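To start, the structure itself, in structure tokens.
The values are calculated or read from the model by the stated rules, or taken from the named source; none is laboratory data. Keep in mind it's a predicted model, so treat the numbers as computed, not measured. Every residue, glycine as well, gets a Cβ built from its backbone with ideal geometry; the counts of neighbours run over all protein chains shown.
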Amino acid sequence: MTASGQLPVFYIGTIPPGATSLTLDGDEGLHAAKVRRIRVGEQIRIADGAGAFADCAVESVAARTLVARVVRHGADPVRRPTITVVQALPKADRGSLAVELLTEAGVDEIVPWQSRNCVARWSDPQKAARGVAKWAVTAREAAKQSRRTRVPIIAPLISTRELLQRAKDQRTIVLHESATASLMQQSFSGVSDLMVIVGPEGGVSPDEVADLRGVGACVVHLGPEVLRTSSAGLAAVAVISALTGRWDAISRS
């Protein structure tokens with residue numbers, strides 16, 4: 001069997017325990033058969049997007065359907081600390097870029113935030129729902145490309161008031177270019193769940209910073225350079241993953 005970290009990943013709704021055969025159909029079957037051109041005899045990984053997976057050998061391929069024999073079942077554990085990134089809405093297509101990069105870095109949840117300085121505005125429930133749906137598609141495709149068995153959750157759009165409530169309940173880091181503390185200086189020993197807040201192009205406003213500090217958030221900088229909102233989250237997650245050993249737990253066997 002090919003090393004599991006090298007297997008192409010496809011998603012299915014559920015993987016029944018003990019299943020000996022799995023079928024990809026619909027868009028996922030079409031993608032496997034026509035886009036990836038998977039052939040009989042090839043090895044693939046089928047995942048449910050929540051950590052469970054089955055490594056399989058392909059037995060038949062049709063136009064929109066692929067049937068595979070299960071070789072082994074497995075499950076990837078939740079890595080600690082879990083990382084939620086609250087991403088202030090970037091302008092134009094930088095939101096999709098931010099979601100793609102965060103997914104590839106291994107985050108567990110991405111929360112869109114309508115902060116005060118956002119240029120982009122999801123101004124009504126319908127627009128917000130479309131934005132969340134677009135981010136969810138981007139996250140799923142990025143997870144597949146990076147061979148993740150867990151697709152990050154894309155949460156509904158939140159306001160600053162809702163963000164403050166969430167920040168009360170878990171360790172929270174706010175990225176800000178004017179902070180005096182460095183992310184590299186932080187200790188995450190014993191932290192089970194971590195939230196990282198990334199501001200918009202105009203930055204997190206002074207009032208928002210003060211309110212977040214008031215509920216216990218720690219405001220930090222990444223370094224001397226000022227990053228775009230679409231890449232700052234990736235840099236922060238990389239630092240945190242290195243400091244906490246999240247990346248040490250990755251197995252490619």
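The table below gives the values:
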read-out: Selection status of Leu243, in a helix (DSSP H, G or I) and in contact (Cβ under 8 Å) with a residue 24 or more places away in the chain; value: yes
read-out: Single match in Gln186, Gln145 (criterion: farther than 15 Å from Ala88 by Cβ, touching a Cys at 6+ places or on another chain (Cβ under 8 Å), in the same structural domain as Ile110 (by TED's automatic domain parsing) and surrounded by 13 or more Cβ atoms within 10 Å (Cβ to Cβ)); value: Gln186
read-out: Failed criterion for Val209 (all others in (1) in contact with a helix residue (DSSP H, G or I) (Cβ under 7 Å, 6 or more places away or on another chain); (2) in a helix (DSSP H, G or I); (3) of a type in the set (A, V, I, L, M, F, W, C) hold); value: (1)
read-out: Exclusive hit being over 21 Å from the mean Cα position of the chain (by Cα) and within 30 Å of Gly245 (Cβ to Cβ), set Ile44, Ile38; value: Ile44
read-out: Condition met for Val237 (in contact with a Leu (Cβ under 7 Å, 6 or more places away or on another chain), in the same structural domain as Pro112 (by TED's automatic domain parsing) and among the β-branched types (Val, Ile, Thr)); value: yes
read-out: In the stretch 171-183, the residues that are surrounded by 12 or more Cβ atoms within 10 Å (Cβ to Cβ) and either among the small types (Gly, Ala, Ser) or modelled with pLDDT under 95 (or both); value: Glu177, Ala179, Ala181, Ser182
